[in-house]
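Data first, discussion second: the structure below is written as structure tokens.
The values are calculated or read from the model by the stated rules, or taken from the named source; none is laboratory data. Remember, it's a predicted structure, so these values are computed and weren't measured experimentally. Quick reminder, even Gly has a Cβ in these numbers, built from the backbone with ideal geometry, and neighbours come from all protein chains shown. Quick note on the areas: whole protein, heavy atoms, side chains included, nothing else; ligands and nucleic acids left out. Shrake-Rupley method; radii C 1.70, N 1.55, O 1.52, S 1.80 Å.
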Amino acid sequence: MTAGAPPDGEIRALLGALDGQRRHIVGILDGLDADALRQAVLPSGWNCLGLVQHLALDVERFWFRAVVAGEKGVIRALDDSDDAWQVSPDLTAADVLGRYRHETDLADAVIAATAAETGLAWWPHHLFGEPHLHNLRDVLLHVITETACHAGHLDAARELLDGRRWMVLPH
């Protein structure tokens, strides 16, 4: 695939699965007020906004812009980043959700410009040793899994906050 060419069928299918999980992330939070979005409901202490910021910075930005695309500015900024799970009090929910949407748009541009078999452009050996993922396909599958896992976390948090459930299958 050349840069700017539409993704092949496999990548379109994987991106479709990822987009479904991304919509779930944003959708399960719809209607929660600012206090609820910052309220920790599990003993570990994370809150919904912190999880979304983690997905924006540690997942979408890290995996696609740093690892797949090798964007030097993103790689340099990783060492300067604070704990993504901790949202600054001066950031609004709209800021955090907007950043998540922005990072998913930037990730989609990387995906559209990259062939499935393209090797990683960068890997933080000093943090993680040898890579366990090797190309865009591997990264997409990893990010789908991580995003789906966190969507489930948000489902549990939302139900604990106000009883709302994302999808209830009939018995």
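Kindly establish whether Arg76 is more than 20 Å from Leu15 (Cβ to Cβ) and either open to solvent by 30 Å² or more (accessible area, probe 1.4 Å) or modelled with pLDDT of 95 or more (or both).
So Arg76 passes the test.
Find all pairs meeting these conditions: Cβ atoms under 9 angstrom apart; at least six residues apart or on different chains; first residue within the stretch 23-35 and assigned to a loop (DSSP other than H, G, I, E, B); second residue open to solvent by 20 Å² or more (accessible area, probe 1.4 Å) and aliphatic (A, V, I, L, M).
Leu32/Ala93; Leu32/Leu161; Asp33/Ala93
Could you tell me whether any residue of the stretch 71-89 is among the β-branched types (Val, Ile, Thr) and in contact with a Gly (Cβ under 9 Å, 6 or more places away or on another chain)?
Yes, the stretch 71-89 has at least one match.
Yes or no: the stretch 132-149 includes at least one residue that is within 18 Å of Leu15 (Cβ to Cβ), surrounded by 16 or more Cβ atoms within 10 Å (Cβ to Cβ) and among the basic types (Lys, Arg).
Checking the stretch 132-149: at least one residue is within 18 Å of Leu15 (Cβ to Cβ), surrounded by 16 or more Cβ atoms within 10 Å (Cβ to Cβ) and among the basic types (Lys, Arg).
Kindly list, by first and then second residue, each pair from a residue in the stretch 151-169 that is modelled with pLDDT of 95 or more to a residue that is open to solvent by 50 Å² or more (accessible area, probe 1.4 Å) and in a loop (DSSP other than H, G, I, E, B), limited to pairs with Cβ atoms under 6 Å and residues at least 6 apart or on different chains.
Asp155/Trp166; Arg158/Arg164; Glu159/Arg165
Just name the residue that is surrounded by the fewest Cβ atoms within 10 Å (Cβ to Cβ) out of those in the stretch 12-47 that are at pLDDT below 95 and aliphatic (A, V, I, L, M).
Leu42
Can you say whether Leu106 is part of a helix (DSSP H, G or I) and under 21 Å from Arg23 (Cβ atoms), as far as the supplied structure shows?
Taking the combined requirement at face value, the residue satisfies it.
Does the stretch 62-73 contain at least one residue that is of a type in the set (D, E, K, R) and over 21 Å from Arg23 (Cα atoms)?
Yes, the stretch 62-73 contains a residue that is of a type in the set (D, E, K, R) and over 21 Å from Arg23 (Cα atoms).
Quick check on my filter: what residues within the stretch 50-65 are under 19 Å from Ala116 (Cβ atoms) and free of Cβ contacts under 8 Å to residues at least 60 places away in the same chain?
Arg65
Can Val87 be described as surrounded by 14 or more Cβ atoms within 10 Å (Cβ to Cβ), on the phi < 0 side of the Ramachandran plot and in a loop (DSSP other than H, G, I, E, B)?
In short, yes.
Restrict the check to the stretch 22-33 and report whether at least one residue is of a type outside the set (Asp, Glu) and closer than 26 Å to Ala121 by Cα.
yes
Check Pro124 against each of (1) under 13 Å from the mean Cα position of the chain (by Cα); (2) open to solvent by less than 40 Å² (accessible area, probe 1.4 Å) and name the one condition it does not meet.
With respect to (1) under 13 Å from the mean Cα position of the chain (by Cα); (2) open to solvent by less than 40 Å² (accessible area, probe 1.4 Å), Pro124 is out only on (1).
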